[in-house]
Amino acid sequence: MPSISILGATGSIGGSTLDVLARHPGRFRLHALTGHRRIATLAEQCVTYRPERAVVPDASAAMQLRNLVGTLEIDIAHGPAALEEVASDADVVMAAIVGAAGLPAALAAARAGRRILLANKEALVMAGQLMIDLVLRHKATLLPIDSEHNAVFQSLPRGRDTSVKGDGIARLILTASGGPFRNMSLERMASVTPDEACAHPNWVMGRKISVDSATLMNKGLEVIEAHWLFGVAPERIEVVIHPQSVIHSMVGYIDGSVLAQLGNPDMRTPIAHALAYPERIDAGVAPLDFAQLSGLHFESPDMVRFPCLALAKSALFAAGSAPAILNAANEVAVEAFLAGRIGFLSISKVVEASLERVAAESLESLDHLLEIDARARVEARNLVEQHTI
Ligand code: NAD
Ligand code: MG
């Protein structure tokens with residue numbers, strides 16, 4: 001029985017993964033669960049799902065977890081090295097930590113040649129080339145969890161997971177719901193609250209990705225993610241707004257065919273797909289009821305009200321360290337917005353100015369990348385000060 005580690009088990013994707021796994025006892029041996037701040041949630045998960053190991057950030061969180069689980073037989077470890085360890089020694093790794101914090105463990109899983117179910121898109125945005133090189137060199141397998149990329153993967157010829165060049169692919173079409181502010185005036189957008197930004201019309205997600213969906217930065221990060229996952233040139237990756245979130249993305253072929261993957265918006269579908277691939281298993285998701293659909297609508301994204309999408313695309317065209325700078329600045333800006341320190345419209349301003357201030361350069365190594373990431377965060381924090389409400 002293959003073993004599985006769930007990195008970021010206490011999050012939205014982590015919880016959905018446990019839900020799917022619980023429907024299929026005997027399919028996987030649960031090796032490790034990891035959590036960061038929600039130690040009580042992690043404790044409940046440990047008691048219910050009985051992993052062999054749990055990983056938390058530091059010694060005090062480890063002690064807290066031990067107190068909560070009592071005499072439960074479980075190895076509790078802490079710190080970044082332990083995180084990389086559980087990412088390396090399970091057959092399958094669900095990479096569902098949010099943000100740059102998930103990069104080292106995702107790289108460790110690639111280095112160990114594991115099957116990586118990748119939700120942590122920021123890892124590919126920051127270090128796409130590095131990650132793909134490691135996956136190829138160590139014969140790891142990368143399966144996309146992001147619903148759009150999972151949909152593209154399912155719509156590719158023979159479900160292939162490497163470069164799609166020469167397969168008659170004309171374009172990838174990523175769908176976007178448009179988020180909670182799709183029809184809102186710029187004037188009103190200036191004063192939206194974090195809770196309004198996190199109230200996504202179709203998906204329940206962690207707060208960072210919810211804000212990214214509201215700014216459309218999420219779609220920009222996904223264009224970069226698609227470029228690395230499928231080896232498709234940036235100019236052949238399109239974005240279309242589709243408010244119903246029923247078509248999760250599409251692949252256009254040179255003969256005019258467009259293949260799409262549809263379903264109810266529930267992350268358990270892509271999670272179940274990647275867990276069982278190439279088989280199919282029950283995900284607990286209700287079947288799509290076509291008679292109940294009010295219609296499927298499509299429109300172009302508004303680049304004026306949602307500048308983050310264009311910023312991400314230009315960072316991808318600029319290549320080198322530009323996507324990492326974009327990602328770092330966005331993480332800092334979103335955190336400041338969620339903390340009530342800057343307004344919603346300042347997020348794109350902080351990202352744009354960070355890209356201007358930190359010169360893009362070609363990436364030489366992981367250390368170089370981490371140094372640029374740190375520099376971009378310093379600049380972004382300075383910019384946040386200037387935009388503080
Ligand atoms: P979340 O905020 O609900 O959960 C994040 C998880 O990461 C938690 O388990 C948390 O403990 C852990 N974490 C946070 N900071 C950490 C740190 N510094 N070190 C170690 N662990 C840390 O987020 P989510 O919505 O589950 O998203 C997780 C990832 O999946 C993100 O990269 C997101 O973009 C991607 N994703 C999510 C969805 C979704 O529907 N939620 C869809 C597509 C992609
Ligand atoms: Mg997505």
Checking Asp167 against (1) open to solvent by 10 Å² or more (accessible area, probe 1.4 Å); (2) in a loop (DSSP other than H, G, I, E, B); (3) within 15 Å of ligand 2 (Cβ to nearest atom), which single condition isn't satisfied?
(3)
I'm trying to understand the selection: among the residues of segment 66-125, which are outside any helix (DSSP H, G or I) and of a type in the set (Asp, Glu)?
Glu73, Asp75, Asp89, Asp91
Condition check for Ala95: within 16 Å of ligand 2 (Cβ to nearest atom), crowded, with 21+ Cβ neighbours inside 10 Å and closer than 13 Å to Ser5 by Cβ:
yes
From the list Ala291, Ala272, which one is open to solvent by 30 Å² or more (accessible area, probe 1.4 Å), assigned to a helix (DSSP H, G or I) and small (Gly, Ala, Ser)?
Ala291
Does segment 194-203 contain any residue that is away from ligand 1 (no atom under 16 Å from the Cβ) and assigned to a loop (DSSP other than H, G, I, E, B)?
no
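Among residues belonging to segment 11-57 that are β-branched (Val, Ile, Thr) and open to solvent by less than 20 Å² (accessible area, probe 1.4 Å), point out the one that is nearest to ligand 2 (Cβ to nearest atom).
Thr17
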Checked segment 142-154 for anything open to solvent by less than 20 Å² (accessible area, probe 1.4 Å) and more than 12 Å from ligand 2 (Cβ to nearest atom); matches are Leu142, Leu143, Phe153
Against the condition within 16 Å of ligand 1 (Cβ to nearest atom), part of a helix (DSSP H, G or I) and within 17 Å of the chain's Cα centre (by Cα), how does Asp212 come out, does it pass?
yes
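Rundown of residues vs (1) open to solvent by 20 Å² or more (accessible area, probe 1.4 Å); (2) part of a helix (DSSP H, G or I); (3) small (Gly, Ala, Ser); (4) modelled with pLDDT under 95, yes/no style:
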position: Asp266; (1), (2), (3), (4): yes, no, no, no
position: Ala286; (1), (2), (3), (4): yes, no, yes, no
position: Asn330; (1), (2), (3), (4): no, yes, no, no
position: Ala333; (1), (2), (3), (4): no, yes, yes, no
position: Phe344; (1), (2), (3), (4): no, no, no, no
Which of the residues spanning segment 217-237 are open to solvent by 10 Å² or more (accessible area, probe 1.4 Å) and either of a type in the set (Ser, Thr, Tyr) or not in a helix (DSSP H, G or I) (or both)?
Gly231, Ala233
Starting from segment 363-376, take each residue that is not assigned by TED's automatic domain parsing to the domain that holds Pro104 and list its partners that are assigned to a helix (DSSP H, G or I) and not aliphatic (A, V, I, L, M), counting only C-beta distances under 8 angstrom and pairs at least six apart or across chains.
Leu363/Gln129; Asp373/Asn327; Ala376/Ser354
I need the full set of residues from segment 119-141 which are in contact with a Phe, Trp or Tyr (Cβ under 9 Å, 6 or more places away or on another chain) and within 16 Å of ligand 2 (Cβ to nearest atom), in order please.
Leu124, Val125
Let me spell it out: the conditions are (1) open to solvent by less than 80 Å² (accessible area, probe 1.4 Å); (2) touching a helix residue (DSSP H, G or I) at 6+ places or on another chain (Cβ under 8 Å); (3) without any contact (Cβ under 8 Å) to a residue 60 or more places away in the chain; (4) in a helix (DSSP H, G or I), and Arg381 meets all of them except one. Which number is the exception?
(1)
Within segment 98-118, take every residue that is open to solvent by 10 Å² or more (accessible area, probe 1.4 Å) and either closer than 17 Å to Val55 by Cβ or within 13 Å of the chain's Cα centre (by Cα) (or both) and give me the one that is farthest from ligand 2 (Cβ to nearest atom).
Ala112
In segment 40-51, is there at least one residue being modelled with pLDDT of 95 or more, more than 10 Å from ligand 1 (Cβ to nearest atom), within 20 Å of the chain's Cα centre (by Cα) and outside any helix (DSSP H, G or I)?
no
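The values are calculated or read from the model by the stated rules, or taken from the named source; none is laboratory data. These numbers were taken from a predicted model, which means no experiment stands behind them. Neighbour counts are summed over all protein chains in view; Cβ atoms, including those assigned to glycine, are modelled from backbone coordinates with ideal geometry. Heavy atoms of the whole protein, side chains included, go into the accessibility calculation; ligands, DNA and RNA do not. Shrake-Rupley method; radii C 1.70, N 1.55, O 1.52, S 1.80 Å.
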